[in-house]
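Since the structure comes first, as structure tokens, the remarks are kept for the end.
The values are calculated or read from the model by the stated rules, or taken from the named source; none is laboratory data. As the structure is a computational prediction, the values presented were derived from the model and not from experiment. Here Cβ is always computed from backbone atoms with ideal geometry, including for glycine, and neighbour counts include all displayed protein chains.
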Amino acid sequence: MRFTKMEGLGNDYIYLNGLGGLPENLPALARSLSDRHFGVGADGLICIKSGRRGDFTMEMYNADGSRGAMCGNGIRCVGKYVYDKGLTRKTCLTIDTDAGPRELELQVRGGAVAEVTVDMGEAGLLPPMELEAAGERVIMCPVWMGNPHGVIFCEAPEQVDLERLGPLLEDHPAVGERINVEFATCLDRENLTLRVWERGSGITLACGTGACACFAAALAQGRCDARVLARLPGGVLRLERRGARVYMTGPARLVFEGEIPDGAVWNGTV
């Protein structure tokens, strides 16, 4: 089984070309391959399939094997994968996801994709809610970006004990479903800083949908302008509002490729 490891701002995934078929039990495969000690190591698994409502389809699994509907950093790498491998010559693509189709604009340099702009769609915002976790009270802004997010504005995201609070808020009984959690602050009108706890993967260096969720929440509260730089531990995304839609631009990079021999994966173990 051939695989490709790619990353967007350090948010790394293992990619499989599923145009000719895929292995069975993808949730178990995602768990085993994502393991950073006994597997390839990644934040999850992304399979590229033929398009249902677009040019290609992205099927995503988190590191714990749970299914993910949308991934901003992951979908940029899908665009790079299909172009760099000659599966398409188009630089404007539609990638279908479990959250619906997403439009991509590929920026090609030297024959390879360097950056990708994604139409992330309209953000769905709900009224802020007060939650308690580990004796701390926070104000969370629920945001839907194709997947559920809880944005918490604070003075210093880097000082938040994310490893402790993240899992408690992800599965908080008042929320109703597992969510991605972001702690964010607006440094000024054009700069947003955040850290992310991703459901099913834990602390990650970046989250594209999470950055867009923070941007949408900040816009709604008048904290920032319609164009910002979103600064995450893994790097910077450019975000902007066009009408009611959020657009995200960022890099996509190949890390390495490899092959797992037949029979090396069984019962979810590599």
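Yes or no: L29 under 17 Å from F256 (Cβ atoms) and surrounded by 24 or more Cβ atoms within 10 Å (Cβ to Cβ)? Reasoning before the result, please.
On the way: under 17 Å from F256 (Cβ atoms): no; surrounded by 24 or more Cβ atoms within 10 Å (Cβ to Cβ): yes.
The answer is no for L29.
For region 126-138, the condition of being at pLDDT 95 or above and either under 16 Å from the mean Cα position of the chain (by Cα) or of a type in the set (F, W, Y) (or both) holds for none of the residues.
Take the residues in region 243-270 that are at pLDDT 95 or above and among the β-branched types (V, I, T), then tell me which one is farthest from the chain's Cα centre (by Cα). Among those that are at pLDDT 95 or above and among the β-branched types (V, I, T), it is V255. Check region 91-108 and report whether any residue there is part of a strand (DSSP E or B) and either modelled with pLDDT under 95 or closer than 27 Å to P167 by Cα (or both). For region 91-108, residues part of a strand (DSSP E or B) and either modelled with pLDDT under 95 or closer than 27 Å to P167 by Cα (or both): absent.
Which one of these is charged (D, E, K, R) and buried (at least 17 other Cβ atoms within 10 Å of the Cβ): D43, D64, D35? Walk me through how you get there before you give the answer.
On the way: D64 fails: buried (at least 17 other Cβ atoms within 10 Å of the Cβ); D35 fails: buried (at least 17 other Cβ atoms within 10 Å of the Cβ).
Of D43, D64, D35, the one residue that is charged (D, E, K, R) and buried (at least 17 other Cβ atoms within 10 Å of the Cβ) is D43.
Number of residues in region 5-27 that are over 22 Å from P233 (Cβ atoms) and out of contact with any Cys (no Cβ under 9 Å at 6 or more places or on another chain): the value is 7.
Looking across A69, A63, one residue alone is more than 24 Å from E257 (Cα to Cα) and under 13 Å from the mean Cα position of the chain (by Cα). It is A69.
Table: residues versus (1) over 20 Å from T204 (Cβ atoms); (2) outside the structural domain of C207 (by TED's automatic domain parsing); (3) free of Cβ contacts under 8 Å to residues at least 24 places away in the same chain; (4) basic (K, R).
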| residue | (1), (2), (3), (4) |
| --- | --- |
| G86 | yes, yes, yes, no |
| L93 | yes, yes, no, no |
| D96 | yes, yes, no, no |
| E103 | yes, yes, yes, no |
| M140 | no, no, no, no |
| G146 | no, no, no, no |
| H149 | no, no, no, no |
| F153 | no, no, no, no |
| P157 | no, no, no, no |
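Every test in (1) closer than 21 Å to S66 by Cβ; (2) free of Cβ contacts under 8 Å to residues at least 40 places away in the same chain is passed by R199 save one, and that test is (2).
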